[in-house]
Amino acid sequence: MTETLRHPGYDEEKLQRIAELLPCREVQAGLLLSLMGQPEHLCYPSVFIYGHRASGKSHVLNILMEQLELPHVMVSCVECLSVALLFEQVLQSFFGADAASLLPRGPSLSDFVRIYRQQCSESPTYQTRYIIMEKAEMLRDTEANLLPALLRLQELVEDNVTVIFLSEIVWDKFRPNTGCFEPLLLHFPDYSKGELQQILSKDKHPSYSAEFYSSYVNILLGVFYSVCRDLKELRHLAALNFSKFCEPLEEGKVKESDTHKLWRHIEPHLKKAMQTVYLREVSSHQWEQMQEMDNKDVGAVRGLSAHTHVELPYYSKFLLIAAYLASYNPARTDKRFFLKHHGKIKKPNILKKNEKTSNHLLGPKPFPLDRMLAIFYSVVDSRVAPTASIFSQISSLVTLQLLNQVSHDDQLDAPKYKCAVSMDFICAISRTVNFDIVKYLYDFL
């Protein structure tokens, strides 16, 4: 049930519209309105909003700013590669392109403050201006004085301006050692299963009843909720698999109310899709073609996984193979597998206590980046220079959750990783590059 937002100074119809556009986020929207106050009120200098990915942070701010027609600028810290781009975007949004052109080449923070104050005196406003910093965790890698200055920008420019930071990590990871102005903190919790059911059910297909689509969403969440609570990803999975769910209904084999038969039909399909959550490599049409090939080609790599294996970049496959070998082989066996004149290394008759069990049963072990790269350069079938492209592909594998970084963020000299893929997965990838990985695994000697 949609809660009603109430706040003096804003039109009730607009607030009702906002509540309808923000299902399950009315509480957070109400808190933000309380912090913001009426448009002409002086607002708190800085607000820090944190929560996991796809928890509605940017969406709530966008809806509030657009529906209430408040002066604001959305700044993506990923797109702003330098502070000059950040300053230019803020000045251009509030005062126009002429104000942004006043910035000198390579502007400093004092240049930005000076021009901002000058433009405020020439074109004053009685409403609060809002600067919304998306992906604010990127600010930790910028100049040391930028974050403290943005936290107290209202004081520096002597204007009614509020900076709102949106981040996936907590404020404790931001706080400088030298101290700074403390922002107001607001947490956006993850959506519960019931809230996800309510939100996803609003995307119902026009050809089917709301109850039918709601039952489909309930089945989908029953499979994926334990491994994925990302609203965007769940919405993508719902759109991707709905046509398969409706197949028995279109063929006249079942009725809409026969949920059990529909579940039995879609269950194996969803289990295959669960193996590649977050790997958005195919469209719905391509996914259907993969399933048709899956029925014809039994022995090959099948389904959505086959497409993702092919779509991984060539060197990323070898990087993943090297990571798997580093995770499951003892470090002392690297000479045996990857050097030409290595001599023989025999398995001792009396195994040590920690070697009595197969490495595959013990699970993947962490390894340093240098070791993975050394194995990579040994197994790849061509000479590869250690370029930035190789390191960016390692980051991509971490983003896709095929590798897990296990070292601390501040350990820059020797980061450690773990391989997060199964034996079947890595064997399938190895076949696509004609690499026999079993010959290089210590457990299979």
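The values are calculated or read from the model by the stated rules, or taken from the named source; none is laboratory data. These figures come from a predicted structure and were not determined experimentally. Ligands, DNA and RNA are excluded from the accessible area calculation, which covers all protein heavy atoms including side chains. Shrake-Rupley method; radii C 1.70, N 1.55, O 1.52, S 1.80 Å.
Calculate, for the range 198-275, the solvent-accessible area per residue in square angstrom, rolling a 1.4 angstrom probe over the heavy atoms of the protein chains.
53 Å²
Can you send over the carbon and sulfur percentage of the accessible area for the range 1-78, probe radius 1.4 Å, protein chains only?
50 percent
What pairs in 232/255; 14/204; 272/439; 193/253; 204/232 have C-alpha atoms more than 19 Å from each other?
The pairs that break the limit, which is 19 Å between Cα atoms, are 232/255; 14/204; 272/439; 193/253.
First check a/c for the range 73-113, with a ≥ b ≥ c the square roots of the eigenvalues of its C-alpha gyration tensor; if it is under 1.5, answer rounded, and if not, answer prolate when a/b is larger than b/c or oblate otherwise.
Oblate shape, in that a/c is at least 1.5 and b/c is the bigger or equal ratio.
Which whole-number percentage describes the relative contact order of the range 139-232, with Cα contacts under 8 Å and a sequence gap of 6 or more?
20 percent
Just reorder 150, 361, 156 by solvent-accessible area, largest first, 1.4 Å probe, all chains present.
361, 156, 150
Leaving out ligands and nucleic acids, and using a 1.4 Å probe, what accessible area per residue does the range 27-140 come to in Å²?
Accessible area per residue, the range 27-140: 46 Å².
Tell me, in nm to one decimal, what length is gained between residue 67 and residue 370 on full extension, where the rule is 0.36 nm per residue of separation less the Cα-Cα distance?
Between residue 67 and residue 370, full extension yields an extra 103.9 nm.
Tally up the carbon and sulfur contribution to the accessible surface of the range 98-156 as a whole percent, 1.4 Å probe, everything protein left in place.
49 percent
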